[in-house]
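Quick notes on the structure that follows.
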Amino acid sequence: MVFSLGWLSGAAAHAFLVNTSPRAGARFTEASRELALQFSEPVSLHSAQVRVRVLKGGLLEVRELHPGADARNLLATLPSLKPGVYVVAWQVVASDGHLSSGEFAFGVGPEGAIPGLQDNVDGVPLPWVAGSTLLLVGLALALGGWISERSVWRGQSVPRAWIGLGAVLAVLGSAVHLVSLAGSGPQAVSTVLTSRPGVAASLALLAFLVSALMARGRARPFVGLPLGVGALAVAWQGHLGNAESFWFTPLGLAHLLLAAVWVGALVHLAQVLWSGRAAGWTEGIRAGTGRYAGLAAWTVGPLLLLGLVLAWPKFAVPDELWTTQYGRLLLAKVAAALAALALAWLSRTRAMPSRTTTPSRLSRLVPAEVVALLGVLLLSAGLVNATPPQALTAANILGAPPAGAAVRAADQVGFLSVYVTAAEGELRVQVAQPTGKPGEKTRVWVSGEGPAGSFTLYPRSCGRGCFRAPFAWTPGETTVQVRVTDPEWPGGPTTLKLRWPPGPDQAGRLARVVEAMKQAGTFTVTEQALNSLDPSPHTFPLTAETLAATDLYLGGGAEDVHEVGRDEEGHTVLSLFVPGSSIWYELHVDERNRIRRERVVGLSYAVQREIAYPPSQKGDLP
């Protein structure tokens, strides 16, 4: 009966950083004076804080923080940046009222390693959990108790439900949320008064306060009206108010109300049984218990179905159940729910009233079920404020760069660009659509063969279009097979080879290649666009200046430059990545540091080139 209770009001939407300018992890010869941050949800400008510091130095002045094209965008003005590595720290309050923060880094000039920093999105804020616990318990006691009085025990002399206590608890929960909002930024009053979560929490507090007052007087029969308004405010305050799919909001709200009614009615049943435990069954208690069982039976089916419908989109791969905080909370909640289900089954099969039984056994089982439900409610409050795994797909476009040395390979699969990265302890797959955007509904499957044998991996999200899985690399060459699907663009399989461990950094060798190509004059290029409508090769002359306009690494900014082997002609094969443009290069370099062959994979294209030089070029170039 309580399997899906963890989805009471949906998970909070949170605001994730989805794009930045300068781009996270990129390196630039010159940095823009404008800093732009784009989030997955609207954010409050009054609560936003942005700081920029030199990686090994002090803070810089950030001026004129103002909104961009809409409430999802923030803009700021930076001072002139000298060569170095810079870290941007940000903190915002999303339109759902939850605090998000994080850091990212970028580089200016060729010096210094750029760290892979991430968003602080997987934590559960304790004040919000406390407020949500009070709200969920209070709403269940008040609304479920009111329904129980009006339908299950109507006209009978039984203890009154704890409607007033529930309303007071809900008032306290709303107050905790308001205090949390007020402490989230430098302009707290404006955040509370103008933001959707602040207005919703204020409305919920007022509605539950009216409910508490009505529960004490003659207006008690009508207390369901302000309780309903309070439930709507709670739903509006969180993820339901931000739902992109129109069906999510009414289904989630119905789920919240069904769960609250079922739990509150169970608590009221426990009150009635406890008060009459010594007197034995009366006809009224027997009839009321039967009506409660009918109410629960009609409630549990839709409750379970709605819970499954709302839960399914939260997970992309099975291991997110035990590798994420959200999944672990869900598993703990399921364990508590199973205990409550077992108690409910015992109550219905072994202790339901008859003319020859007493309520003593049911009086023991129902309170135990209530205790199990309280545990479920507490875990539900954690789930409401935790970040679902699927929400992490909005954390970063193509994810933050991996920490430490990495080896990369790439291919175009259908219309999708697929980048595979081998880093210490992990394998990462990044997928971009031809529009340049990562697919929010992209799915990947990974298997392969390495020196240690075959393997199958279940990558989890590490950002929009980004997937990673723990993997212990074995020295040698590993063949990785990736299958990619996307509902918007054709995908398919690809096979790539990666050699581990990474060799020494070849940035110096790449610099010599760049210098050699600048002095190469005019040469002949035979180019073939892979996976295109016209895959036939085309030959044309090219100058060093024209090549520099197309091969972006010639202007600097390449990362993960490593030698990955030698080809059949004895040329050195270099692999490198330009993160600012999401372009991967494989260069075949001769002994004179000239490029003889290159493979390029960027957003929406994959190209292979053969380069021939005039025989008049003699002597080794630098």
Subject >> Of the criteria (1) more than 35 Å from the chain's Cα centre (by Cα); (2) surrounded by fewer than 20 Cβ atoms within 10 Å (Cβ to Cβ); (3) at pLDDT below 85, which one LEU273 fails >> reply: (2)
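Quick grid of which residues meet (1) under 15 Å from ILE595 (Cα atoms); (2) assigned to a strand (DSSP E or B); (3) assigned by TED's automatic domain parsing to the domain that holds GLU559:
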{"residue": "GLU477", "(1), (2), (3)": "no, yes, no"}
{"residue": "VAL480", "(1), (2), (3)": "no, yes, no"}
{"residue": "GLU488", "(1), (2), (3)": "no, no, no"}
{"residue": "THR495", "(1), (2), (3)": "no, yes, no"}
{"residue": "VAL513", "(1), (2), (3)": "yes, no, yes"}
{"residue": "GLN528", "(1), (2), (3)": "no, yes, yes"}
{"residue": "ASN531", "(1), (2), (3)": "no, no, yes"}
{"residue": "PRO535", "(1), (2), (3)": "no, no, yes"}
{"residue": "PHE540", "(1), (2), (3)": "no, yes, yes"}
Original post:
What single numbered condition from (1) closer than 30 Å to GLN433 by Cα; (2) in contact with a helix residue (DSSP H, G or I) (Cβ under 8 Å, 6 or more places away or on another chain); (3) modelled with pLDDT under 90 fails to hold for LYS518?
Top reply: (1)
Subject >> Identity of the residue in region 433-445, surrounded by fewer than 21 Cβ atoms within 10 Å (Cβ to Cβ) and outside any loop (DSSP other than H, G, I, E, B), that ends up nearest to the chain's Cα centre (by Cα) >> reply: ARG443
Original post:
Using beta carbons and a limit of 8 Å, which pairs, at least six apart or on different chains, have the first residue in region 190-215 and more than 18 Å from GLY145 (Cα to Cα) and the second one modelled with pLDDT under 75 and among the acidic types (Asp, Glu)?
Top reply: ARG196/ASP96; PRO197/ASP96
Subject >> Whichever residue in region 563-589 is part of a loop (DSSP other than H, G, I, E, B) and either small (Gly, Ala, Ser) or at pLDDT 95 or above (or both) and, among such residues, is surrounded by the fewest Cβ atoms within 10 Å (Cβ to Cβ) >> reply: GLY570
Subject >> All positions within region 66-76 that are surrounded by 14 or more Cβ atoms within 10 Å (Cβ to Cβ) and either aliphatic (A, V, I, L, M) or more than 27 Å from the chain's Cα centre (by Cα) (or both) >> reply: ALA71, LEU74, LEU75, ALA76
**OP:** Run down LEU135, LEU139, LEU143 and say which single residue is in a helix (DSSP H, G or I), at pLDDT 90 or above and either touching a Ser or Thr at 6+ places or on another chain (Cβ under 7 Å) or of a type in the set (Phe, Trp, Tyr) (or both).
**Re:** LEU135
Original post:
Do you know which residues across region 47-64 are over 26 Å from the mean Cα position of the chain (by Cα) and part of a strand (DSSP E or B)?
Top reply: ARG53, VAL54, LEU59, LEU60, ARG63, GLU64
Original post:
When region 563-600 is examined, which residues are found to be among the charged types (D, E, K, R) and closer than 22 Å to VAL108 by Cβ?
Top reply: none
Subject >> Candidate set: region 497-547, residues that are closer than 19 Å to VAL601 by Cβ and of a type in the set (Asp, Glu); chosen: the one surrounded by the fewest Cβ atoms within 10 Å (Cβ to Cβ) >> reply: ASP534
Original post:
Which of the residues that make up region 581-596 are touching a residue at least 60 places away in the same chain (Cβ under 8 Å), polar (S, T, N, Q) and under 28 Å from ARG23 (Cβ atoms)?
Top reply: SER582
Subject >> Boolean, TRP128 is of a type outside the set (Lys, Arg) and modelled with pLDDT under 80 >> reply: yes
Subject >> Residues that are in contact with a Ser or Thr (Cβ under 7 Å, 6 or more places away or on another chain) and crowded, with 22+ Cβ neighbours inside 10 Å, drawn from region 464-479 >> reply: ARG464, GLY465, PHE467
**OP:** Would you tally the residues in region 401-424 being under 26 Å from GLU488 (Cβ atoms), out of contact with any Leu (no Cβ under 8 Å at 6 or more places or on another chain) and of a type in the set (Asp, Glu)?
**Re:** 0
Original post:
Among the residues of region 556-611, which ones are small (Gly, Ala, Ser) and touching a strand residue (DSSP E or B) at 6+ places or on another chain (Cβ under 9 Å)?
Top reply: GLY556, GLY557, ALA558, GLY565, SER575, GLY580, SER581, SER582, GLY602, SER604, ALA606
Original post:
What are the residues in region 414-432 that are crowded, with 22+ Cβ neighbours inside 10 Å, at pLDDT 90 or above and either of a type in the set (A, V, I, L, M, F, W, C) or at positive phi (or both), if any?
Top reply: LEU416, VAL418, VAL420, ALA422, ALA423, LEU427, VAL429, VAL431
Original post:
Limited to region 153-183, what total is found for residues that are more than 20 Å from GLY217 (Cα to Cα) and either surrounded by fewer than 24 Cβ atoms within 10 Å (Cβ to Cβ) or among the charged types (D, E, K, R) (or both)?
Top reply: 8
Original post:
Only one of VAL54, VAL43 is surrounded by 14 or more Cβ atoms within 10 Å (Cβ to Cβ), in the same structural domain as ALA105 (by TED's automatic domain parsing) and at pLDDT 85 or above; which?
Top reply: VAL54
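The values are calculated or read from the model by the stated rules, or taken from the named source; none is laboratory data. Since we're looking at a predicted model, the values are computed, not measured. Glycine gets a Cβ as well: all are built from the backbone with ideal geometry, and neighbour counts include every protein chain shown.
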